[in-house]
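A.B. asks: Quick one: the structure is below, and I'll ask about it shortly.
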Amino acid sequence: MNWQRVFTITRKDIKEVASTGQIIAPMVIIPLVLIGIIPAIAIVSLRFSETGTISLLKAIEKLPPTLMQQLAGYTGNQKAIYFITVYILASFFLIIPIMVSTLISANSFAGEKERKTLEGILYTPITDLELITGKVLASFIPAMAISLLSFFVYSVVVNALAYPVFMTIYFPTFNWWILMLWLVPTVSFLVISLVVLISAKVRGYQEANSIAGAIVLPIVLVTIGQVTGVMYLSAKIILLTGLLFLVADALLLRFITKSFHRDRLIVYIR
Amino acid sequence: MKNIAIEACHISKSFGNIAALDDISFSIQKGDVFGLLGPNGAGKTTAVRLLNGLIKPTEIETISILGLDLQKNIQDIRQRVGVLTDTNLYERLSAIDNLLIFGMLYGLSHKESSQRAEHLLEQFELSDRASSKVETFSKGMKQKLSIARALISDPEIVYLDEPTAGLDPEASHELLQYIIKVSSDSSKTFFITSHRLEEMESICDTVAILDRGRIKAFGSPHDLVNQVFKDHWVTVTLGNGTRLNISLLKLELSFVQDIEQSNNEVKIKVDDRASIPKLIRYLGKLDTDIYSIAEDVPNLQDAYLAIVKEK
Ligand SMILES: Nc1ncnc2c1ncn2[C@@H]1O[C@H](COP(=O)(O)OP(=O)(O)O)[C@@H](O)[C@H]1O
Ligand SMILES: [Mg+2]
């Protein structure tokens, strides 16, 4: 593996993406809404609305006892805010990298095919694995950068707005570190590889985008359903989940490289 | 063997039931400028893609590039070859970035790539636009940059697939001057495809005429013309209303094989090129008004048309 060639592809792809507002705008706006505005509204309304807090607490009581144990030492208002910011909104941090990377990786091969730029690359000594890795990293790096930045902003917003309630910095919890540094990367990598695979098989960007949507959307919905549950499991189980994703990543990357055929990437226009 | 850059033996490629290439064989000397000439759909691009291992032949005996077997040494070969086919540059990136990316994909360091890129931009007179986005370039400038891109790694073989396609005559003429300039570097082998014969005759050492997937003729442009046109004709232009006495001419000159007379022009076929001076001396002594006597010299285009037209 020649990393110079890998990073040349990565850098080129990121440069190209950065030069189009079309992709940049949703990459900035959506994370901003998810990690800035929604948590702010949630925290502020729980702080000032008694009825909201009460109905939320009723809902929490129906949840598994492990969760109740974790919340044991807190007051009602703290419980409600903690529950929303630590468990419920965690799913946003999988939605963000998945969304960002899908936007970029759908464009990956399909966009180059559409603009007839790929064939030139295929004549150079770059290997299939280097090309695929370069393309995957071109989505992975921005996705992780935006995720970590969002994580930082979220931590500041949550702690600042909830400070009058907790009188201490309670976020991020230990499980959040594992989520951000282990689960988010491995899940993102899987989604990106999938979308890159699709992108290499279809003709154009639109097609790649819609097929990617059909595959990615269910994954997003399932994660949203699962993440809240995962977050109050033990750290060990979260680590193990990430490991499973890592194995899946490796298998998928291997499959893509094996099933990659340069001749199918040439666009034939009559 | 050592001097052969490209050798292909019995290569066929079909797409479904279309035979894009039908049992072609040829070899090209190192340092030559080779022209693969043929009409649209003849199989030129397919040949370039096959020779670079981008598509696989349906049937093959061997393809050997720079003495290496293509299938076994594809990585080494790609390192030593530069290719321009009908592909686009990265429009949203600058000219210099387009070259740098390719330099680095060929394994040059960033510094080497920059030096080569700057040198090429200068050679193609694009230096002042080096940092402009390619989308702002004219078609002719893009094509120049594409050729520069194919040259970035200082390759031993350069493929240029229809380099002047889609250019207006002026831009096409300009581009050709650059191609002549770079292809005169005798350490490189050039493989150029085109359907514009008039452009290729002066550039190519060797040409092949490809028609519907088959090589119809191969050789230097001069040999090729001689292969197709074995007869020697001389055209004589006469004054208005003047005629030559054809029967007398035939009688007195044994080397004259055929005569066609029309208006004030007479076409005379002779048995050998060496007979032409004798014919001219004879005509000079006549009492007829003759305005010009000229040997018919067919060019590559005439030969090509004659080959491509015949079934
Ligand atoms: N990928 C492909 N799929 C199907 N047919 C193809 C493909 N590539 C080329 N052809 C066909 O093969 C023939 C030769 O095409 P091509 O090599 O592009 O010709 P040229 O470059 O000389 O114009 C044409 O009939 C073309 O339609
Ligand atoms: Mg072609």
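The values are calculated or read from the model by the stated rules, or taken from the named source; none is laboratory data. Just so it is clear, the model here is predicted, and its values are computed rather than measured. Don't worry about glycine lacking a Cβ; one is built from the backbone with ideal geometry, like all the others, and counts go over all protein chains shown. Ligands, DNA and RNA are excluded from the accessible area calculation, which covers all protein heavy atoms including side chains. Shrake-Rupley method; radii C 1.70, N 1.55, O 1.52, S 1.80 Å.
A.B. asks: Quick one: which helices (runs of 4 or more DSSP H) lie wholly within the range A:1-89 and hold at least 2 residues that are among the aromatic types (Phe, Trp, Tyr)?
C.D. replies: Values: elements: A:3-18, A:21-32, A:38-48, A:50-61, A:65-70, A:76-82.
In the range A:1-89, A:3-18 are the helices (runs of 4 or more DSSP H) which contain 2 or more residues that are among the aromatic types (Phe, Trp, Tyr).
A.B. asks: I'm checking my understanding of the structure. Among residues of the range B:60-101 that are of a type in the set (Ser, Thr, Tyr) and within 25 Å of the chain's Cα centre (by Cα), which one is nearest to the other protein chains (Cβ to nearest Cβ)? Before you say what the answer is, go through the steps one by one.
C.D. replies: First, pick out the residues of the range B:60-101 that are of a type in the set (Ser, Thr, Tyr): B:62, B:64, B:85, B:87, B:90, B:94.
Right, trim to within 25 Å of the chain's Cα centre (by Cα) and you get B:62, B:64, B:85, B:87.
Details: B:62: 19, B:64: 18, B:85: 6, B:87: 4 Å.
Looking at the filtered set, the residue picked out is B:87.
A.B. asks: If residue B:54 satisfies every condition in (1) within 11 Å of another protein chain (Cβ to nearest Cβ); (2) open to solvent by 10 Å² or more (accessible area, probe 1.4 Å); (3) modelled with pLDDT under 95 but one, which is the exception?
C.D. replies: (2)
A.B. asks: Since residue B:42 meets every condition but one in (1) of a type in the set (A, V, I, L, M, F, W, C); (2) within 30 Å of residue A:15 (Cα to Cα); (3) in contact (Cβ under 8 Å) with a residue 24 or more places away in the chain, which condition does it not meet?
C.D. replies: With (1) of a type in the set (A, V, I, L, M, F, W, C); (2) within 30 Å of residue A:15 (Cα to Cα); (3) in contact (Cβ under 8 Å) with a residue 24 or more places away in the chain applied to residue B:42, the lone miss is (2).
A.B. asks: List the number of the failed condition for residue B:195; all other conditions in (1) more than 19 Å from residue B:143 (Cα to Cα); (2) within 16 Å of ligand 2 (Cβ to nearest atom); (3) open to solvent by 10 Å² or more (accessible area, probe 1.4 Å) hold.
C.D. replies: Of (1) more than 19 Å from residue B:143 (Cα to Cα); (2) within 16 Å of ligand 2 (Cβ to nearest atom); (3) open to solvent by 10 Å² or more (accessible area, probe 1.4 Å), only one is false for residue B:195: (1).
A.B. asks: Considering only the range B:27-62, state which residues are farther than 23 Å from residue B:185 by Cα, within 16 Å of ligand 2 (Cβ to nearest atom) and not in a loop (DSSP other than H, G, I, E, B).
C.D. replies: Step one: list which residues in the range B:27-62 are farther than 23 Å from residue B:185 by Cα, which gives B:38-47, B:49-50, B:53-62.
Filter once more, so that each one left must be within 16 Å of ligand 2 (Cβ to nearest atom): B:38-47, B:49-50, B:54-55.
Passing the criteria: B:44, B:45, B:46, B:47, B:49, B:50.
A.B. asks: Out of the residues in the range A:18-54 that are surrounded by 14 or more Cβ atoms within 10 Å (Cβ to Cβ) and touching a Lys or Arg at 6+ places or on another chain (Cβ under 9 Å), which is farthest from the other protein chains (Cβ to nearest Cβ)?
C.D. replies: A:53
A.B. asks: Suppose the filter is part of a loop (DSSP other than H, G, I, E, B), within 16 Å of ligand 2 (Cβ to nearest atom) and in the same structural domain as residue B:208 (by TED's automatic domain parsing); does residue B:24 pass it? Before the answer, list the steps.
C.D. replies: Working: part of a loop (DSSP other than H, G, I, E, B): no; within 16 Å of ligand 2 (Cβ to nearest atom): yes; in the same structural domain as residue B:208 (by TED's automatic domain parsing): yes.
No, not satisfied.
A.B. asks: Between B:208, B:171, which is open to solvent by 10 Å² or more (accessible area, probe 1.4 Å) and among the small types (Gly, Ala, Ser)?
C.D. replies: On the way: B:208 fails: open to solvent by 10 Å² or more (accessible area, probe 1.4 Å).
After ruling out the rest, the residue left standing is B:171.
A.B. asks: Taking the conditions exactly as written (more than 18 Å from the chain's Cα centre (by Cα) and either more than 16 Å from ligand 2 (Cβ to nearest atom) or assigned by TED's automatic domain parsing to the domain that holds residue B:36 (or both)), does residue B:177 satisfy them or not? Let's see the steps before the verdict.
C.D. replies: Numbers: more than 18 Å from the chain's Cα centre (by Cα): no; either more than 16 Å from ligand 2 (Cβ to nearest atom) or assigned by TED's automatic domain parsing to the domain that holds residue B:36 (or both): yes.
It is false that residue B:177 is more than 18 Å from the chain's Cα centre (by Cα) and either more than 16 Å from ligand 2 (Cβ to nearest atom) or assigned by TED's automatic domain parsing to the domain that holds residue B:36 (or both).
A.B. asks: Evaluate the following for residue B:19: is it within 15 Å of ligand 1 (Cβ to nearest atom), assigned by TED's automatic domain parsing to the domain that holds residue B:181, more than 24 Å from residue B:183 (Cβ to Cβ) and surrounded by 15 or more Cβ atoms within 10 Å (Cβ to Cβ)?
C.D. replies: It is true that residue B:19 is within 15 Å of ligand 1 (Cβ to nearest atom), assigned by TED's automatic domain parsing to the domain that holds residue B:181, more than 24 Å from residue B:183 (Cβ to Cβ) and surrounded by 15 or more Cβ atoms within 10 Å (Cβ to Cβ).
A.B. asks: Ok, one more. Any residue at all in the range B:198-212 that is assigned by TED's automatic domain parsing to the domain that holds residue B:121 and touching an Asp or Glu at 6+ places or on another chain (Cβ under 6 Å)? Can you show your working first?
C.D. replies: Filtering the range B:198-212 for residues assigned by TED's automatic domain parsing to the domain that holds residue B:121 gives B:198-212.
Filter once more, keeping what is touching an Asp or Glu at 6+ places or on another chain (Cβ under 6 Å): B:205-206.
Checked against the condition, which is being assigned by TED's automatic domain parsing to the domain that holds residue B:121 and touching an Asp or Glu at 6+ places or on another chain (Cβ under 6 Å), the range B:198-212 yields at least one hit.
A.B. asks: Let me ask something else about it. Looking at the range B:155-169, which of its residues are away from ligand 1 (no atom under 16 Å from the Cβ) and either hydroxyl-bearing (Ser, Thr, Tyr) or away from chain A (no Cβ under 14 Å) (or both)? Before the answer, list the steps.
C.D. replies: Within the range B:155-169, the first condition is being away from ligand 1 (no atom under 16 Å from the Cβ), and the residues that meet it are B:155-158, B:167-169.
Those that are away from ligand 1 (no atom under 16 Å from the Cβ) and either hydroxyl-bearing (Ser, Thr, Tyr) or away from chain A (no Cβ under 14 Å) (or both): B:167, B:168, B:169.
A.B. asks: Further question: Filter the range B:1-16 for residues that are touching a strand residue (DSSP E or B) at 6+ places or on another chain (Cβ under 8 Å), open to solvent by 10 Å² or more (accessible area, probe 1.4 Å) and within 15 Å of ligand 1 (Cβ to nearest atom) and give the result. Talk me through it step by step, then tell me what you get.
C.D. replies: Residues of the range B:1-16 touching a strand residue (DSSP E or B) at 6+ places or on another chain (Cβ under 8 Å): B:3-14.
Of the ones still in play, those that are also open to solvent by 10 Å² or more (accessible area, probe 1.4 Å) are B:3-4, B:7, B:9-10, B:12-14.
Those that are touching a strand residue (DSSP E or B) at 6+ places or on another chain (Cβ under 8 Å), open to solvent by 10 Å² or more (accessible area, probe 1.4 Å) and within 15 Å of ligand 1 (Cβ to nearest atom): B:12, B:13, B:14.
A.B. asks: Among the numbered conditions (1) surrounded by fewer than 23 Cβ atoms within 10 Å (Cβ to Cβ); (2) within 22 Å of residue A:6 (Cα to Cα), tell me where residue A:76 comes up short.
C.D. replies: Of (1) surrounded by fewer than 23 Cβ atoms within 10 Å (Cβ to Cβ); (2) within 22 Å of residue A:6 (Cα to Cα), only one is false for residue A:76: (2).
A.B. asks: Could you list, in sequence order, the residues of the range B:149-165 that are farther than 13 Å from residue B:97 by Cβ and surrounded by 19 or more Cβ atoms within 10 Å (Cβ to Cβ)? Let's see the steps before the verdict.
C.D. replies: Of the residues in the range B:149-165, the ones farther than 13 Å from residue B:97 by Cβ are B:150-151, B:153-165.
Once the filter is applied, which keeps residues that are farther than 13 Å from residue B:97 by Cβ and surrounded by 19 or more Cβ atoms within 10 Å (Cβ to Cβ), the range B:149-165 yields B:150, B:151, B:153, B:157, B:158, B:159, B:160, B:161, B:162, B:163, B:164.
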